[in-house]
Structure formats: structure tokens, C-alpha cells
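These notes are about the structure you will find just below.
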Amino acid sequence: MAISTLAVPQTVALSKEERAFFAQLGSRIAQLRKDQGITQVQLAELLGVSQQTITAYEVGRRRIQVSALPLIAKTLRVPIEELLNEHAKPSSKRGPVPRLQLQLEQVSQLPKAQQKFVSQMLDTVLQQTGR
């Protein structure tokens, strides 16, 4: 009989601390996703999982595999430490990432000549407004 019980997969129950950890991790992922204006469906597509999996992660119903953390962090453009740090300093801004910040990140990916052109345009506009 001992042999037959070894063949049956056993589930390991999560401790209270583990449940709390995964709930907090899921909450941080949800907040980062929302801050970036990304839907659950979009995040699921980027990670190659279902939207239901993202929901389960965000509410702490499902463990997130350690091997998935680097991709989640990269997709949300944060260091892994920010995903795992339960005591991360709160962001001073509320709501989604400002459009200007997203545009500046996109500009930083342009070739240097185009970056210089955008910078010159901004300088001109700012000079016209007296700033």
C-alpha cells in the first residue's frame, strides 16, 4: 500500500505566510500593470499565458513560477527587486504613467540624430513659453 500512495501526486498546501506573499506579489503586479496602462489581456499575450492566469496571479490564487519573474519584470519595466520587495517605497505619482513620460521613453529609443531633433523642438517650445 505504501507504493500506491507514493504514485499519487500530493499537493503541498501553502502556509499562511506564502499565501500572503503571493497575494502581495500579485497586487504589486496588478498595480504596475495598471500604472503602465496595460490590460490583463495584453500582459497575458506578452507573457504567453491566458488572461485567467494573470487574474489568478493578481489575486494571489496561483503561485507565480520563479522562472517567470524576470519576464514579468522586464515586461513591466521594473527590476525584479521591485516585484519582490514587499516594502518598496510607494510611488509619489498616482494613476497611469503620464503620456509625456512614455513619449520620452520612446524618444530615448530613437537614433541620436532624431533625439537631437526632438530635443531642439522641445527647447524651442519651452523658450516660447518663457520657461
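Having 3 or more residues that are surrounded by fewer than 16 Cβ atoms within 10 Å (Cβ to Cβ) and modelled with pLDDT under 90 is the bar; report the helices (runs of 4 or more DSSP H) wholly within region 1-106 that clear it.
Numbers: elements: 2-7, 16-35, 40-47, 51-58, 69-75, 80-84.
Output list reads 2-7, 16-35, 80-84.
Considering each residue of region 16-25, count those that are touching a helix residue (DSSP H, G or I) at 6+ places or on another chain (Cβ under 9 Å) and over 20 Å from GLU81 (Cβ atoms), and give that number.
Selection size over region 16-25: 0.
Which condition number in (1) in contact with a helix residue (DSSP H, G or I) (Cβ under 8 Å, 6 or more places away or on another chain); (2) under 25 Å from GLN101 (Cβ atoms); (3) among the charged types (D, E, K, R) is the one that GLU45 fails?
Every condition holds for GLU45 apart from (1).
Filter region 26-55 for residues that are more than 11 Å from the chain's Cα centre (by Cα) and small (Gly, Ala, Ser); which is farthest from GLU82 (Cα to Cα)?
SER50
The values are calculated or read from the model by the stated rules, or taken from the named source; none is laboratory data. Every value quoted in this text rests on a predicted model; they were computed, and no experiment measured them. Reconstructed Cβ throughout: ideal geometry from the backbone, glycine too, with neighbour counts over all protein chains shown.
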